[in-house]
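A.B. asks: First the structure, then my questions, so here it is.
The values are calculated or read from the model by the stated rules, or taken from the named source; none is laboratory data. The structure displayed is predicted, hence computed values, not measured ones. Here the Cβ positions follow ideal geometry from the backbone for every residue, glycine too, while neighbour counts run over all protein chains shown. Note: accessible area is taken over every heavy atom of the protein model, side chains too, but ligands, DNA and RNA are not part of it. Shrake-Rupley method; radii C 1.70, N 1.55, O 1.52, S 1.80 Å.
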Amino acid sequence: MPTLNGVLETALYVEDMPRARAFFEKVMGLAAFTADHRFTAYDVGRSSVLLLFLQGETLETVVLPRDMGTIPPHDGQGRVHMALAIDADQLAPWEKRLVAHGVEIEGRTHWPRGGESLYFRDPDGHLLELATPGVWPNY
């Protein structure tokens, strides 16, 4: 069986790219390493990338320059969930930061393995989670 090394990209589809960028850059402190009118790519640590796509803007095949290839169409809608890994000692500073930016904490979970999760939403209503080690057997 071939092996997998992890999830490289996670995508969220957003209705308003400037609003989404403002949230992920100002509130979450992410820096885009590439972007255009229809997408933004953020480094979220440990070789993981968060992609934001403007809803409805990736319905056609993208032909890349210099014979690099193509990217097939994709799109999504509705509220989805994703979790971002943090160290345990970063949970309180993150909660303080979110509250300072007016982000409502919707839930908190204390997992049997010792991990904790903090839940909140981005401007598009996606459920975001900050998770400390001990949430899953592999984290």
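A.B. asks: Filter segment 97-123 down to residues that are charged (D, E, K, R) and in a loop (DSSP other than H, G, I, E, B), then give me how many there are.
C.D. replies: Looking only at that region, the number is 4.
Residue-wise test of (1) within 22 Å of Phe120 (Cα to Cα); (2) touching a residue at least 12 places away in the same chain (Cβ under 8 Å); (3) among the hydroxyl-bearing types (Ser, Thr, Tyr).
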site: Glu9; (1), (2), (3): yes, yes, no
site: Ala31; (1), (2), (3): yes, yes, no
site: Ser48; (1), (2), (3): yes, yes, yes
site: Gln55; (1), (2), (3): yes, yes, no
site: Thr58; (1), (2), (3): no, yes, yes
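A.B. asks: Scan segment 124-139 residue by residue and report those that are in a strand (DSSP E or B) and either among the polar types (S, T, N, Q) or open to solvent by less than 20 Å² (accessible area, probe 1.4 Å) (or both).
C.D. replies: Leu128, Glu129, Leu130, Ala131
Every residue, every condition in (1) more than 19 Å from the chain's Cα centre (by Cα); (2) not aromatic (Phe, Trp, Tyr), yes or no:
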{"site": "Phe53", "(1), (2)": "no, no"}
{"site": "Thr61", "(1), (2)": "yes, yes"}
{"site": "Pro65", "(1), (2)": "yes, yes"}
{"site": "His81", "(1), (2)": "no, yes"}
{"site": "Leu84", "(1), (2)": "no, yes"}
{"site": "Glu95", "(1), (2)": "no, yes"}
{"site": "Ile105", "(1), (2)": "no, yes"}
{"site": "Glu116", "(1), (2)": "no, yes"}
{"site": "Tyr119", "(1), (2)": "no, no"}
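A.B. asks: If you scan segment 82-96, which residues turn out to be outside any loop (DSSP other than H, G, I, E, B) and either open to solvent by 90 Å² or more (accessible area, probe 1.4 Å) or not charged (D, E, K, R) (or both)?
C.D. replies: Met82, Ala83, Leu84, Ala85, Ala88, Asp89, Gln90, Leu91, Ala92, Pro93, Trp94, Lys96
A.B. asks: So in segment 103-118, with the set limited to residues that are surrounded by 17 or more Cβ atoms within 10 Å (Cβ to Cβ) and hydrophobic (A, V, I, L, M, F, W, C), which one is farthest from Ala85 (Cα to Cα)?
C.D. replies: Filtering segment 103-118 for residues surrounded by 17 or more Cβ atoms within 10 Å (Cβ to Cβ) gives 103, 115-118.
Those still in the list that are hydrophobic (A, V, I, L, M, F, W, C) too: 103, 118.
On the way: Val103: 19, Leu118: 11 Å.
Of everything passing the filter in segment 103-118, Val103 is farthest from Ala85 (Cα to Cα).
A.B. asks: Specify which of the listed residues (Arg79, Arg121) is open to solvent by 60 Å² or more (accessible area, probe 1.4 Å) and over 24 Å from Leu8 (Cβ atoms).
C.D. replies: Arg121
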